[in-house]
1. Could you give the dipole magnitude of the chain about its Cα centre, charging the beta-carbon of Lys and Arg +1 and that of Asp and Glu -1, in debye to the nearest 20?
2. For the chain, state the semi-axes of the equivalent ellipsoid (square roots of 5 times the eigenvalues of the alpha-carbon gyration tensor), sorted largest first and rounded to whole angstrom.
3. Pick from 25, 61, 45: which residue has the top mean-square fluctuation in a GNM of the chain where Cα pairs under 10 Å get a spring?
4. Grab the DSSP H runs of the chain that are 4 residues or longer, score each as -39,500 (n - 2.57), total them, divide by all residues and round the 222 nm result to the nearest 500 deg cm²/dmol.
5. Less than 16 Å apart at the alpha-carbon level, and either on another chain or at least 8 residues along: which aspartates and glutamates does that give for residue 58?
6. Using 0.36 nm times the number of residues separating residue 52 and residue 6, minus their current alpha carbon distance, what extension gain do you get?
Amino acid sequence: PGAARLARLPLARVKALVKADPDVTLASQEAVFVLARATELFVETIAKDAYVYAQQGKRKTLQRKDLDNAIEAIDEFAFLE
């Protein structure tokens, strides 16, 4: 119960997505939690980096082009190209 509050993504939905992969047969609750938390941190990181580009355009709202700029500029996101 305590671990569920630490994750913002719904763990049941994450588990359903994990089970949708035909290569996955079992997924422990701990593995689902870690995957959900890692996803949250990833989204937070890329959103913060993309927000820098939105600010450069004098906007407060992220647009697709801001995400594209962050992906192109930051080597850690190269796998998304």
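FYI, it's all coordinate maths here, none of it is from the lab. Since this is a predicted model, take the numbers as computed values, not measurements. Backbone-built Cβ (ideal geometry, glycine too); neighbour counts: all protein chains shown.
1. Value, rounded to 20: 600 debye.
2. Listed largest to smallest, the semi-axes of the chain are 30, 15, 10 Å.
3. Checking each option, the largest mean-square fluctuation is seen for 25.
4. The helix contribution divided over the chain gives -20500 deg cm²/dmol.
5. Leaving aside aspartates and glutamates fewer than 8 places away in the same chain, those within reach of residue 58 are 49, 66.
6. This chain segment gains 13.9 nm when fully extended.
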